[in-house]
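Worksheet: the structure to be examined is printed underneath.
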Amino acid sequence: MKFIVRLKGGSGSGNFGHEGIPGHVGGSASERGGGSEEGSGTFQVDEIVIMHSPNTGEDTKVNYRGRLDFLKSVVYDPRSGWQGTVPNDWLRKIEGSTISETVKNLIKSDMYSAKHSLKKKYPANSGDELTIKAAKTVSKKYKMRFQDILKLYTPSSNIIGSRSWDKNGKIIIVR
């Protein structure tokens, strides 16, 4: 009698022909996670980005669907209904694009948790100091600059000599 052992995993999520990891079920992000480092930062799933095709010379607004591997990402063109893979270097952020509302809400939730934890560790710190420290922690999770997270918040400190930030997220000392 022969026994066949099958490990869970191997087929990935089923999206875009991904290979899974033996012992794991589903999952389609690469080891480094979704998003492309091309352009001015990491792309978020469902973010509208510019796809520049060197074949046609056209710039097209497409919906970023996720990274396929280190070289390609999946995009969706809502006008034509086309979805496919393109080289990561074809993609860039729209100038002046902002963080999507969904991502903002996730960041704010993570910031709340991080600030709560930091308040226990540093009870004497000001609210702004805790916000700066939390932004530095949360920014690593979202692979973005902590200054971009600080832009989502309004500083409240007016204590001379304390750290705060300006409208661009730059750390300043209150004078």
Notebook entry, point to check: Does PRO54 meet the test of being more than 21 Å from LYS104 (Cβ to Cβ), at pLDDT 85 or above and surrounded by fewer than 17 Cβ atoms within 10 Å (Cβ to Cβ)?
Noted result: yes
The residue from VAL103, VAL25 that alone is of a type in the set (A, V, I, L, M, F, W, C), modelled with pLDDT under 85 and surrounded by fewer than 14 Cβ atoms within 10 Å (Cβ to Cβ) is VAL25
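Of SER157, SER162, SER139, which residue is in contact with a Lys or Arg (Cβ under 9 Å, 6 or more places away or on another chain) and more than 20 Å from LYS93 (Cα to Cα)? Steps first, answer last, please.
On the way: SER162 fails: in contact with a Lys or Arg (Cβ under 9 Å, 6 or more places away or on another chain); SER139 fails: more than 20 Å from LYS93 (Cα to Cα).
Only one candidate qualifies: SER157.
Using the structure shown, decide if GLY66 is in a strand (DSSP E or B), farther than 20 Å from ARG145 by Cβ, within 13 Å of the chain's Cα centre (by Cα) and not assigned by TED's automatic domain parsing to the domain that holds VAL138.
Values: in a strand (DSSP E or B): yes; farther than 20 Å from ARG145 by Cβ: yes; within 13 Å of the chain's Cα centre (by Cα): yes; not assigned by TED's automatic domain parsing to the domain that holds VAL138: yes.
When the stated conditions are applied, GLY66 passes them.
Can you tell me which residue within the stretch 57-87, out of those that are among the small types (Gly, Ala, Ser) and surrounded by 12 or more Cβ atoms within 10 Å (Cβ to Cβ), is farthest from VAL103 (Cα to Cα)? Before the answer, list the steps.
Kept after step one, since they are among the small types (Gly, Ala, Ser), are these residues of the stretch 57-87: 57, 66, 73, 80-81, 84.
Checking the rest, the ones that are also surrounded by 12 or more Cβ atoms within 10 Å (Cβ to Cβ) come to 66, 73, 84.
Numbers: GLY66: 15, SER73: 19, GLY84: 24 Å.
Per the criteria, the residue is GLY84.
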Counting only residues that are surrounded by fewer than 18 Cβ atoms within 10 Å (Cβ to Cβ) and either within 14 Å of the chain's Cα centre (by Cα) or part of a helix (DSSP H, G or I) (or both), the stretch 144-153 contains a total of 3
The lone condition SER156 fails out of (1) under 19 Å from the mean Cα position of the chain (by Cα); (2) loosely packed, with under 15 Cβ neighbours inside 10 Å is (1)
Note on the stretch 94-140: residues in contact with a Leu (Cβ under 9 Å, 6 or more places away or on another chain) and basic (Lys, Arg) are LYS104, LYS108, LYS115, LYS119, LYS133
Expected single match for surrounded by 12 or more Cβ atoms within 10 Å (Cβ to Cβ), charged (D, E, K, R) and farther than 23 Å from VAL103 by Cβ among LYS133, LYS141, LYS119 is LYS119
message = Quick check on the stretch 82-103. Is at least one of its residues among the aromatic types (Phe, Trp, Tyr) and touching an Asp or Glu at 6+ places or on another chain (Cβ under 9 Å)?
response = yes
Log entry, pairs with first residue in the stretch 155-173 being on the phi > 0 side of the Ramachandran plot, second being in a loop (DSSP other than H, G, I, E, B) and basic (Lys, Arg), beta carbons closer than 6 Å, six or more apart or on different chains, reads GLY169/LYS151
| request: Inspect the stretch 100-121 for any residue being assigned to a loop (DSSP other than H, G, I, E, B), in contact with a helix residue (DSSP H, G or I) (Cβ under 9 Å, 6 or more places away or on another chain) and not basic (Lys, Arg) and give the result as yes or no. | output: no
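The values are calculated or read from the model by the stated rules, or taken from the named source; none is laboratory data. Quantities reported herein were computed from a predicted structural model and do not represent experimental measurements. FYI the Cβ positions are ideal-geometry reconstructions off the backbone, even for glycines, and counts take in every protein chain you see.
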